[in-house]
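Participant: Pasting a structure below so you can have a look.
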2 protein chains.
Amino acid sequence: MESTALLTDQYELTMVRAALADGTADRPCVFEVFGRRLPNGRRYGVVAGTGRLVELIREFRFTDEHLDLLRRQDVLDDRTAGWLADYRFTGDIEGYAEGELYFPGSPILTVTAPFAVGVLLETLLLSVLNHDCAIASGAARMVTAAHGRPIIEMGSRRTHEQAAVAAARAAYLAGFASTSNVAAGVRYGVPTAGTAAHAFTLLHDSEADAFASQIEALGVGTTLLVDTYDISQGIRTAIEVAGPQLGAIRIDSGDLSVIAVQARELLDSLGARDTRIVVSGDLDEHSIAALAAAPVDAYGAGTAVVTGSGAPTAQLVYKLVEVDGRPVVKRSENKRTVGGRKVAVRRHKPTGTAVEEVVASRCRPSAEPHDRALQRPYLVGGEPAADLPDLASSRAHLAECLVSIPWDGLKLSAGDPAIPVTMISN
Amino acid sequence: MESTALLTDQYELTMVRAALADGTADRPCVFEVFGRRLPNGRRYGVVAGTGRLVELIREFRFTDEHLDLLRRQDVLDDRTAGWLADYRFTGDIEGYAEGELYFPGSPILTVTAPFAVGVLLETLLLSVLNHDCAIASGAARMVTAAHGRPIIEMGSRRTHEQAAVAAARAAYLAGFASTSNVAAGVRYGVPTAGTAAHAFTLLHDSEADAFASQIEALGVGTTLLVDTYDISQGIRTAIEVAGPQLGAIRIDSGDLSVIAVQARELLDSLGARDTRIVVSGDLDEHSIAALAAAPVDAYGAGTAVVTGSGAPTAQLVYKLVEVDGRPVVKRSENKRTVGGRKVAVRRHKPTGTAVEEVVASRCRPSAEPHDRALQRPYLVGGEPAADLPDLASSRAHLAECLVSIPWDGLKLSAGDPAIPVTMISN
């Protein structure tokens, strides 16, 4: 268990130092995580990362070695180093469920703690949520575009080695079928997939040798990569070697909408009617949507997934909204910032379609028959809340949420948020 | 020391499995990392991440627990699990120095190893290089735009919690002065900076109380954040509390080019002629360049740094180029792919200005008087090479390289690579 306490901006440590000295460190505070806008005209965001937070917060402990170093650098004084040595997060955290949708102003996470206890988590909370929400929000659009066809996440190589694991998890949450990332399988139970790269074909004396070897090792249900040399010849060789029971072929280059049709016709003519076609190669939600009419059985997506498909960060912020029970707010031009702790509900028609999100500061929204409360406990007095959902149930929750938003909300084009957020305050 | 062996795509494991079974696992191979293009019309890329690789490769060991799990999932068979249990990287790795420039086709990293030994590192090598090169390449443009003014990296919260540490390192390599990220200071010795957020002002009963507390704790040389309420009043309060010896003010919002002028005039009128002005708030290379004439002393940059300023991945690939001493190459349309191990030199005028990069496959470039060889050893027989440069010297190397490229190569606008890459082959 590695400490997460250094995954922090230095100003959190210096603020704690000054607050301990002047006696404000213990003031009861409320901090909130929210976004001011959705990137690139997106119509919804997907909450992801909250399922990783509880463990990361429990690992947020300073070691003596690190405190000594920060003391020598004069980042800390003795009092602060002593206080940090005993640090455990002892506050409350509540927020939106993982897999929930969010919109501009949604209070995704609320931290209730003395100032010094709560301010220390700012960077860790934002790093996790800004990354994972960005990935899940982009990935959910790809899942919508794929219309039920499975998507394999294979972008690990295009992002930081540890971000890759979190990205695979977030993509699975968003509805991807599986990932190439082995660590995501081991850490989070995400189904994994993968068979061979072009290098495996190039390694062998012939494409037929490579295919025969792969089938011998992985069985005839495997996926053969057929585009190392000539695709048509690759498909013929694949079926010659594997027989018509071959599980799938993968095509990673070329104009996929044209090539998929040719490949399907060729496979069918060779009697391989049940052999599936997997396509990959710089796919994003738009190129996936453009393949809707092509005879494709599954997609592999990489770069676009792990970079949030044009929005690599969710741009969420962590703001102090209440001190000693009083709302506080920074002077803001053109920013929808309201002080005070928020309560959020989503309002629905009797049919179940969402119509509005109501975010109430320091008051409770009026109760309507089809409201759903959006906040749930994550940590209570520093201890994990009961019944924290697992990744599979969060994945199912997102699928339900996406069914509930108005039709226009699933469009890939830029537009307004799928439902409005109404801010009310006392 | 955590294992890095699971930071891998599953197909690497299944390829090893098939290659062990058919006897090709031991074939001598050469793999190369390169990019086919620079993103967004950039004129150069910056090599970064190689300084992190040696340690990550030495931690690439499979545990029995993980092998058992992968065996039960039938990703591995017994033979492969046994082979992986003993796995150590035993090959050679050479490549461009960290801080070196690269262009389309530059052989950034070359791995010489038996197939199974070399193919396993594909994802880890690419993840590190694609992330760190993307960050350093964007950050170097910001450093150019800042014309010698220091830039503080403060983007940790906008990216994955571990990617943030690597991003801070890559930005420092690129010439940033410091980072907010505490872990980057501890792990890599990057200078750290940070004083207070708006939350610290909001916590206190008045802005004057907050400033007085910060100065008491951190000294009068600290940086006061003056835009929580009214900026002009914030500056007056800062100087009232701190006196004209105040180290710096920070402004995080508004039209910075206008506000900086007003802030400078006000500080000067209050006698605080040496108090520096730090500005932050969604700065990238273009907004930094636009502030060249403003009386700004330092910049804080966040989101744009950690997302590669519009290019969050370097799109480098890892390709098998040689098997058993023979060049191999995938069929490629419109792709500059040449088989065989490459040797790269950069050619210069007598003045030191670079004019061309020559990349020779299976032959040596002709020797010219002002050539510089671009590849150096990283691992020899699995052991770290002698005299691996430290981060500070890599940072100095990049600064020298940027001086050497033609004038046009430093333009921020989209264009051609700063120098052409000439591919020659036997």
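Participant: For chain A, what is the calculated [θ] at 222 nm in deg cm²/dmol (nearest 500), taking -39500 (n - 2.57) for each run of four or more DSSP H residues and dividing by its residue count? Mind dumping the intermediate values first?
Facilitator: Values: 15 runs with 154 residues, N = 426.
That calculation yields -10500 deg cm²/dmol at 222 nm.
Participant: Ignore the peptide's own chain and count Cβ atoms of other chains within 10 Å of each Cβ in A:68-78; give me the average, rounded.
Facilitator: Details: counts 0, 3, 4, 0, 0, 5, 2, 6, 0, 2, 0.
Partner-chain Cβ atoms within 10 Å, mean over residues of A:68-78: 2.
Participant: Using Cα pairs under 8 angstrom and six or more residues apart, how large is the relative contact order of chain A, in percent? Walk me through the numbers before you get to the answer.
Facilitator: Details: 885 pairs, mean separation 97.7, N = 426.
Across chain A, relative contact order equals 23 percent.
Participant: I need to check one value: relative contact order of the stretch B:210-288, counting alpha carbon pairs closer than 8 Å and at least 6 residues apart, in percent. Show your work: numbers first, answer last.
Facilitator: Working: 103 pairs, mean separation 24.0, N = 79.
30 percent.
Participant: Taking chain A as the reference, fit the longest principal axis to its C-alpha atoms, fit the long axis of helix A:10-22 to the helix C-alpha atoms, and give the angle between the two in degrees, 0 to 90, nearest 10.
Facilitator: 20 degrees
Participant: Going by Cα centres, the stretch B:139-210 and the stretch A:208-229 are how many Å apart?
Facilitator: Value for the Cα centre distance between the two parts: 49 Å.
Participant: Using alpha carbons only, how many degrees (0 to 90, rounded to 10) separate the axis of helix B:163-173 from the longest principal axis of chain B?
Facilitator: 80 degrees
Participant: 7 Å along Cα→Cβ for the label point: how many nanometres lie between A:Gln73 and each equivalent label in the other copies, listed shortest first?
Facilitator: 3.7
Participant: So how tilted is helix B:122-146 from the main axis of chain B? Cα-based, degrees 0 to 90, rounded to 10.
Facilitator: The angle comes out at about 30 degrees.
Participant: Here is a further query. Which value results when the Cα radius of gyration for the protein assembly as shown is divided by 2.2 N^0.38 Å?
Facilitator: Numbers: Rg = 27.6 Å, N = 852, 2.2 N^0.38 = 28.6 Å.
Expressed relative to 2.2 N^0.38 Å, the Cα Rg reads 0.96.
Participant: Can I ask one more? Taking both sides together, what accessible area is buried at the A/B interface, probe 1.4 Å, expressed in Å² and rounded to the nearest 100?
Facilitator: Working: alone 18950 and 18960 Å², together 30580 Å².
Result for this pair: about 7300 Å² buried.
Participant: Give the lysines whose C-alpha is closer than 17 Å to that of A:Lys342, dropping any in the same chain fewer than 8 places away, or say none.
Facilitator: A:Lys319, A:Lys330
Participant: May I pose another question? Counting DSSP beta bridges in chain B, what percent are antiparallel, to the nearest 5?
Facilitator: Working: 36 of 57 bridges.
In chain B, approximately 65 percent of DSSP beta bridges are antiparallel ones.
Participant: Taking each label point as 7 Å beyond Cα in the direction of the beta carbon, state the distances from A:Asp297 to the same residue in the other copies, shortest first, in nm.
Facilitator: Listed shortest first, these distances are 6.7 nm.
Participant: Another question about this same structure. Which residues of the stretch B:7-30 bury at least 20 Å² of accessible area once all protein chains are present, versus their chain alone (1.4 Å probe)?
Facilitator: Buried by the other chains: B:Leu7, B:Thr8, B:Asp9, B:Gln10, B:Tyr11, B:Thr14, B:Met15, B:Arg17, B:Ala18, B:Asp22, B:Thr24, B:Arg27.
Participant: Sequence neighbours fewer than 8 away in the same chain don't count; with that in mind, list the lysines whose C-alpha is under 21 Å from B:Lys411.
Facilitator: In chain and number order, the partners are B:Lys349.
Participant: Taking the full set of protein chains and a 1.4 angstrom probe, give the accessible area of B:Asp68 in square angstrom, rounded to the nearest 10.
Facilitator: The value for B:Asp68 is about 90 Å².
Participant: Roughly what would the spin-label model give for B:Val403 and B:Ser232, points 7 Å off Cα along C-beta, in nm?
Facilitator: With each label point 7 Å from Cα toward Cβ, the separation is 4.5 nm.
Participant: I want to check the label-to-label distance for B:Arg79 and A:Asn426. Put each point 7 Å from Cα in the C-beta direction and report it in nm to one decimal.
Facilitator: My value for the distance between the label points is 7.2 nm.
Participant: Oh, and also: For B:Asp408, what accessible surface area do you get with a 1.4 Å probe? Give it in Å², rounded to 10.
Facilitator: Per-residue accessible area (B:Asp408): approximately 80 Å².
Participant: Additional query: Put A:Arg149, A:Arg276 in order of accessible area, largest first, 1.4 Å probe: what do you get? Walk me through the intermediate numbers first.
Facilitator: On the way: A:Arg149 60, A:Arg276 105 Å².
Result of the area sort, largest leading: A:Arg276, A:Arg149.
Participant: Let me ask you something else. Please work out how much length the chain gains when fully extended from B:Arg187 to B:Ala386, using 0.36 nm per residue of separation minus the C-alpha to C-alpha distance, in nm with one decimal. Each step should come with its number before you reach the end.
Facilitator: Values: separation 199, 0.36 × 199 = 71.64 nm, distance 2.12 nm.
This chain segment gains 69.5 nm when fully extended.
Participant: Out of all DSSP beta bridges with both ends in the protein assembly as shown, state the antiparallel percent to the nearest 5.
Facilitator: On the way: 75 of 117 bridges.
Antiparallel bridges: around 65 percent, rounded to the nearest 5.
Participant: At a probe radius of 1.4 Å, what is the per-residue accessible area of B:Cys363, in Å² to the nearest 10?
Facilitator: Probe radius 1.4 Å; accessible area of B:Cys363 about 40 Å².
Participant: If I model a spin label at A:Arg27 and B:Ala294 as a point 7 Å from the Cα along the Cα→Cβ vector, what separation in nanometres do I get?
Facilitator: Roughly 2.9 nm, to one decimal.
Participant: Show log10 I(q)/I(0) for the stretch B:195-291 at q = 0.13, 0.24 Å⁻¹, two decimals, from a solvent-free Debye sum over equal Cα scatterers.
Facilitator: After summing over all Cα pairs, the log10 values are -0.40, -1.28.
Participant: Is there a quick way to get the dipole size of the stretch A:146-308? I mean about its Cα centre, with the Cβ of Lys and Arg at +1 and of Asp and Glu at -1; what is the value in debye to the nearest 20? Mind showing how you got there, number by number?
Facilitator: Working: 10 positive and 18 negative charges, 120 e Å.
Around 580 debye, computed over the stretch A:146-308.
Participant: So for A:Asp132, A:Asp371, what's the accessible-area order with a 1.4 Å probe, most first? Numbers along the way, then the final one.
Facilitator: On the way: A:Asp132 0, A:Asp371 45 Å².
Descending accessible area places them as A:Asp371, A:Asp132.
Participant: Oh, and also: By its C-alpha gyration tensor, with a ≥ b ≥ c as the square roots of the eigenvalues, how is the stretch B:37-122 shaped: rounded for a/c under 1.5, else prolate for a/b larger than b/c, else oblate? Walk me through the numbers before you get to the answer.
Facilitator: Details: a/c = 2.82, a/b = 2.40, b/c = 1.18.
Judged from the Cα gyration tensor, the stretch B:37-122 comes out prolate (a/c at least 1.5, a/b above b/c).
Participant: Farthest toward the dipole's positive end in the stretch B:195-291, which of B:Leu224, B:Ser269, B:Ser287, given Cβ charges of +1 (Lys, Arg) and -1 (Asp, Glu) about the Cα centre?
Facilitator: B:Ser269
Participant: Using only the alpha carbons, work out the radius of gyration and Dmax of the stretch A:146-308 in angstrom.
Facilitator: Over the stretch A:146-308's Cα set, Rg and Dmax evaluate to 15.5, 44 Å.
The values are calculated or read from the model by the stated rules, or taken from the named source; none is laboratory data. Bear in mind the structure is a predicted one, so any value in this text is a computation, not a measurement. All Cβ positions, even for glycine, are placed from backbone atoms using ideal geometry, and neighbour counts span all protein chains on display. Keep in mind that these areas ignore ligands, DNA and RNA; they rest on the heavy atoms of the full protein, side chains included. Shrake-Rupley method; radii C 1.70, N 1.55, O 1.52, S 1.80 Å.
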